[in-house]
Amino acid sequence: VQLVESGGGLVQPGGSLILSCVASGLNFSLYYIAWYRQAPGKQREFIASLTRGGLTYADSVKGRFTISRNNPRNTGYLEMNNLRPEDTAVYYCNVFLGENYWGQGTQVTVSS
């Protein structure tokens, strides 16, 4: 199983990015998907998930970030708008359903 994130980079405050997570080696459509992030010196924190129960967002990103997926493309997305400096972190894709799989992370830096 492999999850490959992309789409990170340097963006100014107020800007937008779309992160992608391409899955291989599993039947992607059967799994739930989530995004986490980890800032320097901090623990990894939950950002958003898309499960059978619906969409869930951390309060810190609610209204700014949107999680989605495209099953035929085996891809999950995290659209991030109105980015703030405190959103700077490495962002990780998580695919789970009993088993738990993680990507390698993609760096997002929000700075002027």
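The listed peptides 96-102, 44-50, ordered by packing as a protection proxy, come out as 44-50, 96-102 (highest mean of other Cβ atoms within 10 Å first). Share of carbon and sulfur in the accessible area of the stretch 1-96 stands at 48%, probe radius 1.4 Å.
Solvent-accessible area per residue in the stretch 1-65 equals 55 Å², computed with a 1.4 angstrom probe and all protein chains kept. Here the spin labels are modelled as points 7 Å beyond Cα on the Cα-Cβ line, and at residue 45 and residue 24 they lie 3.4 nm apart.
The values are calculated or read from the model by the stated rules, or taken from the named source; none is laboratory data. Please read these numbers as outputs of a predicted model, since none were measured by experiment. Cβ sites come from the backbone with ideal geometry, for glycine too, and all protein chains shown count toward neighbours. Calculation scope for accessible area: heavy atoms of the full protein, side chains included, ligands and nucleic acids excluded. Shrake-Rupley method; radii C 1.70, N 1.55, O 1.52, S 1.80 Å.
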